[in-house]
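Report on one structure; see the data block that follows.
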Amino acid sequence: MDKTLKQRATRSGVWVILGHLTSQGLRLGGNLILTRLLVPEMFGVMAIITVIMGGLAMFSDVGLLQNIVQSKRGEEPDYLNTAWTIQIIRGFFIFLIALMSAVGLYYAGQVGYLSGDTVYGNKQLPFLLVIASISVVISAFNSIHILLLNRRLMLGKSVTIELFSQIIGLIFMLTWAWYLRDIWALVFGGLVATFTKMLLSHSLNLGERCRFCWDKEAVHEIFHFGKWIFISSILGFLLSRGDRLLLGSLVSAEILGIYTVAFLLATALKGLITKLISSVFYPVLSETARSSAGNLENIYYRIRNKIDAITFFIAGVLYSSGEAIISVLYDARYQEAGWMLSILSLTLIGTGSFLSGQCFLANGKSKIVTKIASIQMISFYSLLPLLFFKYGIAGAIWAMVVSAFVRILISSIYMKIYFFHDFRKEIIMIPFIFLGIVLGQVIV
């Protein structure tokens, strides 16, 4: 890694880490207050709305970020404006599908197809979904220059915008919840944050203002490279949100709300690492693949070993202290989240395998990422229902752990076939798991 690239990557990495830690701190603080103002059922219903909206976004993802970072034309105005135009069209498409989904949920509930004991049968869900879906139209008008910041590894501005928007949305959310104590606080708080981010994104001074454009060559390149991103995003949604998607039809809103608390804590670090992988390490791997392919393996394992050391250690800590953490942070209504957090923490061990996917993307092999996600998805959707009906919610959570290990195995196989695979470097950080377990026991 040359000095200039390393400096940009380091600076961007620091911004992402600081931004994510601040964001998670705000999120945790807000969550601790909101759980005392709102009942668990509200978080269960909101979890499903988040899943539906996230799913619609991923089901229409054509990889605009990946295209702009990887393409040789990623700096050209016509290319960027074409990407912005596609982004807006996609936003309105998602909005219409969300409206249709809300109507479908409403009539399915009216005729008795959805049980009132499950989250999908909640009478407020269709109306909440309609209002929440407005956020995708707002975010569709975000300046495309936010994505250009990733290519240039200039993430300070985008992190600042994200944090400021989150703070404004959180203040609005807490104020509403304090006075009205209803679920609309979560919905409108999200809208306020989204609108704030959209306005701030256009303050970036990276070139001419965004305008509508339709460059046919750019469209072809975006969709050609993005077709496998599109499929991978669908599979990514089914994996990352599949737990709540399936559990929404199997458990009550209260149980799902409690599970969501455990999930947010267990995946806080994973969210930071995957953000670093996509925002910082992917551009680094892409630039290395373009200019110094022979150095790719060295850089890959330098990054991978650091990721594994951190995630393995934290997985051990959370595994042995999950119940104690929940007992300190939350009231008696949420104590069941303790043992859920302990099991979910083991999914952190598979975080490093996501770096291999970025390695394939950096070399234009997006099809391989789709294959890896497909195999993991099949294992996940086969195991979760089976283990749930046999062992209950605990079985469903263990299915997520097994699925994470399936990804590690499949990623390793494909890396060995197409690039490189050093077994010693893959397992060298395992002792950090046991160090984490010991520390967790000491903390307890």
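Only the coordinates and a few stated rules stand behind these numbers; no lab work does. Since the model is a prediction, treat every value here as computed from it, not as a measurement. Glycine gets a Cβ as well: all are built from the backbone with ideal geometry, and neighbour counts include every protein chain shown.
Restricting the calculation to alpha carbons of the stretch 1-249 gives Rg and Dmax of 19.4, 65 angstrom. Computed per residue of the chain from DSSP H runs no shorter than four, each worth -39500 (n - 2.57), the mean residue ellipticity at 222 nm is -26000 deg cm²/dmol.
All Cα-Cα separations within the stretch 224-304 were binned at 10 Å from zero, giving a P(r) of 15, 30, 31, 16, 7, 1, each value a whole percent of the pairs. A simple charge model with +1 on the Cβ of Lys and Arg, -1 on the Cβ of Asp and Glu and nothing else charged puts the dipole of the chain at about 900 debye relative to its Cα centre. Using Cα springs under 10 Å in a Gaussian network model of the chain, which residue among L149, L361, L37 shows the largest mean-square fluctuation? Among L149, L361, L37, the largest mean-square fluctuation in the Gaussian network model of the chain belongs to L37.
Using Cα pairs closer than 8 Å and at least 6 residues apart in sequence, work out the relative contact order for the chain, in percent. Taking the mean separation of contacting Cα pairs over the length of the chain, I get 21 percent. Here the spin labels are modelled as points 7 Å beyond Cα on the Cα-Cβ line, and at I33 and F93 they lie 3.9 nm apart. For the chain, a Gaussian network of Cα nodes joined below 10 Å ranks L147, L329, L256 by mean-square fluctuation, and the top entry is L329.
If we count every other residue with Cβ under 13 angstrom of D422's Cβ, Lys/Arg +1 and Asp/Glu -1, where does the sum land?
Its environment carries a net charge of +2.
Computed on the stretch 46-191, the Cα convex hull volume stands at 105 Å³ per residue. Between F212 and I428, the distance separating the two model label sites (each 7 Å from Cα on the Cα→Cβ line) works out to 5.5 nm. Taken one residue at a time, the phi angles of the stretch 257-273 give Karplus couplings (6.51, -1.76, 1.60, θ = phi - 60°) of x, 5, 4, 4, 4, 5, 5, 4, 5, 5, 9, 4, 5, 4, x, 5, 5 Hz. Gly and Pro are set to x. Spread over its residues, the convex hull of the C-alpha atoms of the stretch 321-402 is 101 Å³ per residue.
Tell me the net charge near A193. Cut-off is 12 Å between Cβ atoms, A193 excluded, with +1 for each Lys or Arg and -1 for each Asp or Glu. Net charge around A193: +1. Each residue of the stretch 276-284 was assigned a 3J(HN,Hα) from its phi angle through the Karplus curve 6.51 cos²θ - 1.76 cosθ + 1.60 (θ = phi - 60°); the sequence is 4, 4, 7, 8, 10, 6, 5, x, 5 Hz, with glycine and proline shown as x.
Computed over every Cα-Cα pair of the chain and binned at 20 Å starting from 0, the pair-distance distribution P(r) comes out as 24, 61, 16, 0 percent. Across all Cα pairs in the stretch 252-444, the calculated P(r) in 10 Å bins from zero up to the longest distance comes to 9, 32, 34, 19, 6, 0 percent per bin.
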